[in-house]
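One structure is given here, and the rest of the page talks about it.
We did not get these values from a lab; they are worked out from the coordinates using the rules stated. As the structure is a prediction and not an experimental result, all values here were calculated from the model. Methodologically, a virtual Cβ is constructed for each residue, glycine included, from the backbone with ideal geometry; neighbour enumeration extends over all protein chains shown.
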Amino acid sequence: MSTLLDELTRIVGAAHVLTGTDIPPQHCTDWFQTHTHSPLALVRPGTPDEVARVMAACHRHNQPVTPQGGLTGLVAGAVPAEGDVALSLARLSGIEELDTSAGTITVLAGTPLQTVQEAARAAGLLLAVDLGARGSCQIGGNIATNAGGNRVIRYGMFRDQVLGLEAVLADGTPVGGLNKMLKNNAGYDLKHLFIGSEGTLGIVTRAVLRLHPMPLSCCTAWCTLPDHDTVIRFLRHAQSRLAGTLSAFEVMWPDFHELVTTRVPDMRSPVASQGLQVLMEIEGSDAERDMAMFSTLLEEALERGWLHDAAIAQSLKEREAFWRLRDAVSEFPLMWSPYCGYDVSLPIGDIGRFVQELQHLLRERFPHCEHVHFGHIGDSNLHVGVHLDKQWGPFPEAEIDECVYGLLRNYGGSVSAEHGIGQHKKAFLGHSRTPQELALMRTLKQALDPKNLLNRGKVLA
Ligand code: FAD
């Protein structure tokens, strides 16, 4: 084995092949520290060419490799199996080109999302995907997980931001190209093999991302509605009236709202009414005109009885306070341990009935449990959180999984809306994919990585 480590050292330099206790602990575990394994070595290439040579060497030695980005993934996809080489993309960082005429930015895969957002903003442009982990997660990780976030309803997922990419295959072969065109139907669009494949089919090294005009105005409101059917009616009405400017539509069920406003310090609801809470936002180009359009929409909805209550943010401070309430979700795993969270999607019209049924099932099976339901409902994405205090015995995570995913299967939903499968959801992939789809996934894996060296044990069981 020392021959492989010698070879890797010759490629990237001794300072970038770490072993034993020199490996920082975060490279051995995941965000929630549910899995911890010791890699053979942590290798940190500094260029796409070094990635290709590292992969070729590992392939010759039949050495499994786990790609690692910013390590913010929530399904343990970047946790190395025992004895893997952990391949960190962190040194592969930098913006190579910002092309204002094409509206594109070309970046190395290890560049943090926030760095790319800031570079685009400085040029008056927008990289449209945004998520809470922006400061740590990397573009390569965002591509590998097809990340979503808050603005999907308007701009789509990460897949929709990628125009071109370069990747390295398991045997070290570099593939792909830096396409900048929105239209390019020249044969199979191979970049989609790597987007959302969680590092199992290739290592992303470079990407061309699409940029949008930077919005010049923003209006935000917090509303209360009586039930899910009304939420959908209001959403569809808003989409038809707001001329394509709707950029966020976040829904929180009463269980979420009560927990956040009663237990998270310094959280106050902008409205007094009970019901489903909606945080909605539009982004446009004319502050006065957009606010008039937004206010009219809310007034009409109040008159029609769709809204019980509505508050429009009157300042940036108020807007931030609205979002802080929604983003208080990041407190749950800390204040509510043990806790399990779910990131599912299902046809938007079914979400209300699904939540009702799930709440009933959870109360019946685990009478002392507490739960929260919230999500990017405009994108069919529901998040569920469940907590059961330690006094009620060992946390029944497997039973809760069965309860949530079992019900979801009946609705034809997806066990992963945006976080991916990684290790956490492998056992449930068959709930959302047919045997034929799973067989085709295996065929692709076999074709691109016949030795099963790349991120083994992730996504496919
Ligand atoms: P990592 O965690 O390092 O890796 C994730 C997966 O991608 C692994 O399978 C890894 O092997 C693979 N990978 C990493 N880099 C590469 C590469 N260059 N080539 C090939 N494979 C690679 N996700 C959302 O979708 N929406 C959200 O709103 C959201 N909010 C979040 C908020 C917080 C506070 C946190 C902690 C996480 C959130 N996430 C969200 C999850 C996470 O941030 C995303 O999945 C992110 O895209 C992961 O990027 P990363 O660089 O950290 O990847």
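Tell me which chymotrypsin sites (Phe, Trp or Tyr not before Pro) from the stretch 178-255 have a DSSP coil assignment and no more than 14 other beta carbons within 10 Å of their own. Let's see the in-between values first.
Numbers: sites: Tyr188, Phe194, Trp222, Phe234, Phe249; in loops: Tyr188.
Loop-located and lightly packed - Tyr188.
Note on the chain: dipole from Cβ charges, positive end direction compared against Ala439, Gly69, Gly413; the farthest Cα belongs to Ala439.
Nearest 5 percent is fine: what portion of the DSSP beta bridges confined to the stretch 10-95 is antiparallel?
Details: 3 of 10 bridges.
Just about 30 percent of them are antiparallel.
What is the local net charge at Trp306, summed over the other residues whose Cβ is closer than 15 Å to its Cβ (Lys, Arg +1; Asp, Glu -1)? Every neighbour counted, the sum reads -2.
For the stretch 1-156, the share of DSSP beta bridges that are antiparallel, to the nearest 5, is 55%.
The stretch 136-179 and the stretch 1-52 have Cα centres spaced 23 Å apart. Among the listed pairs Lys191/Lys445; Lys180/Lys426; Lys191/Lys426; Lys426/Lys451, a Cα-Cα separation exceeding 25 Å is found for Lys180/Lys426. Over all other residues within a Cβ to Cβ distance under 15 Å of Gln117, the charged ones net out to +1, with Lys and Arg as +1 and Asp and Glu as -1.
Under the shape rule built on the C-alpha gyration tensor, where the axes satisfy a ≥ b ≥ c, the stretch 32-108 is oblate, since a/c reaches at least 1.5 while a/b does not exceed b/c. Is the shape of the stretch 322-383 best called rounded, prolate or oblate, per the rule: a/c under 1.5 gives rounded, else a/b larger than b/c gives prolate, else oblate, with a ≥ b ≥ c the square roots of the Cα gyration tensor eigenvalues? Note, shape of the stretch 322-383 comes out oblate. In loop segments of the stretch 1-105 as defined by DSSP, there are no trypsin sites (Lys or Arg not before Pro) with at most 10 further C-beta atoms inside 10 Å of their C-beta. Each DSSP beta bridge with both residues in the chain is either parallel or antiparallel, and the antiparallel ones are about 90%.
Projecting the Cα atoms of Ser136, His59, Ile153 onto the charge dipole of the chain, computed from C-beta unit charges around the Cα centre, puts His59 farthest toward the positive end. For the stretch 356-444, the Cα-based Rg and Dmax, in that order, read 14.6, 47 Å.
So what's the net charge close to His27: Lys and Arg +1, Asp and Glu -1, counting the other residues with Cβ under 12 Å from its Cβ? So the surrounding residues net to -2.
Remark: the chain carries a charge dipole of roughly 940 debye about the Cα centre, counting +1 on each Lys and Arg Cβ and -1 on each Asp and Glu Cβ. Each of Glu397, Glu198 was scored by other Cβ atoms within 10 Å of its Cβ. Arranged with the fewest first, they read Glu397, Glu198.
In terms of overall dimensions, the stretch 1-156 has a Cα radius of gyration and Dmax of 16.7, 51 angstrom.
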